[in-house]
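The values are calculated or read from the model by the stated rules, or taken from the named source; none is laboratory data. What you see is a predicted model; the values in this text were computed from it and never measured. Glycine gets a Cβ as well: all are built from the backbone with ideal geometry, and neighbour counts include every protein chain shown.
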Amino acid sequence: MRAPDFLQSTQVSYDAIAEAYAAEHPDGLAGRPLERALLTTFVELVRAAGTAGRPPVADIGSGPGHVTARLHEAGLPVFGVDASPRMVALARRAHPELRFHVGSMTALDLPEETLGGIVALYSIIHVPDDHLPSVFAGFRRVLLPGAPVLLGFQSGDEDGHQRLTERYGQEISLDYYWRTPDTVARHLEEAGLDVYAQVLRAPQGEEKMPRAFLLARGAAPAPPAFSGRAVAAR
């Protein structure tokens, strides 16, 4: 099946800027204490859900592998997925002890209920609105019941879109979508993921937009239906 146009342009664009991006962000979480704290919370939620040490968690949109490495250091079995082969090559070189795969959040090549959690920091920002429901439905499909999801994305007072055509001196075609937390929460809930925490922080440094973070979890399975006959009390 042919990949969506937006996915192809995202892959080509990140392949073009991978080295420059990784050089500018040798540790993508340096100077971001809130993001680090939320990752710590995510680790605790994985453990509380009883999935730690069993199925792995996935860092989707893993880039050079910063977040994947931090989750590994926290003791979680984890692997990274990124649409850019060049980003995956850089991540493998920087973190040879970890697993990184070329893949897309639009078509996760995983069996049902095999992940103990998903982190997607600043990766849904390249997904158009009409593809977001299927992405979150895919998350729901591969997550174990109760397993947590941590999302991070640019936000604002309303949803919006911008296309970048140049970065680091390279010609690119990269779409950015910013959304309100309520918009993303609605899509998660419609996909069957229970949202239970939202965090919004102000822009810092050279950032121009607020950052939003949502914590959700795969819905617990429904209790078994009552099969029929009442049992008399004794």
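Figures for the structure shown
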read-out: Members of region 36-70 that are under 22 Å from Gly138 (Cα atoms) and among the hydrophobic types (A, V, I, L, M, F, W, C); value: Leu39, Phe42, Val43, Leu45, Val46, Ala49, Ala52, Val57, Ala58, Ile60, Val67
read-out: Some residue of region 177-199 being at pLDDT 95 or above, in a strand (DSSP E or B), closer than 29 Å to Ala18 by Cβ and in contact with a His (Cβ under 7 Å, 6 or more places away or on another chain); value: yes
read-out: Subset of region 19-31 (residues that are in contact (Cβ under 8 Å) with a residue 40 or more places away in the chain and within 19 Å of the chain's Cα centre (by Cα)); value: Tyr21, Ala22, His25, Leu29
read-out: Subset of region 65-105 (residues that are in contact with a helix residue (DSSP H, G or I) (Cβ under 6 Å, 6 or more places away or on another chain) and hydroxyl-bearing (Ser, Thr, Tyr)); value: Ser84, Ser104
read-out: Selected residue [out of contact with any strand residue (DSSP E or B) (no Cβ under 9 Å at 6 or more places or on another chain) and touching a residue at least 60 places away in the same chain (Cβ under 8 Å)] from Leu7, Leu45, Leu34, Leu39; value: Leu7
read-out: Some residue of region 32-46 being out of contact with any Lys or Arg (no Cβ under 6 Å at 6 or more places or on another chain), buried (at least 18 other Cβ atoms within 10 Å of the Cβ) and not in a helix (DSSP H, G or I); value: yes
read-out: Breaking point among (1) at pLDDT 95 or above; (2) of a type in the set (D, E, K, R); (3) more than 19 Å from Leu150 (Cα to Cα), for Arg36; value: (3)
read-out: Yes/no for Met87 being assigned to a helix (DSSP H, G or I) and either within 12 Å of the chain's Cα centre (by Cα) or hydrophobic (A, V, I, L, M, F, W, C) (or both); value: yes
read-out: Matching residues in region 13-31 - criterion: being surrounded by fewer than 16 Cβ atoms within 10 Å (Cβ to Cβ) and in contact with a strand residue (DSSP E or B) (Cβ under 8 Å, 6 or more places away or on another chain); value: Ala20
read-out: Candidate set: region 82-104, residues that are hydrophobic (A, V, I, L, M, F, W, C) and in contact with a Ser or Thr (Cβ under 7 Å, 6 or more places away or on another chain); chosen: the one surrounded by the fewest Cβ atoms within 10 Å (Cβ to Cβ); value: Leu98
read-out: Elements of type strands (runs of 3 or more DSSP E) contained in region 92-163, each with 1 or more residues being within 27 Å of Tyr21 (Cα to Cα) and either among the polar types (S, T, N, Q) or modelled with pLDDT under 95 (or both); value: 148-154
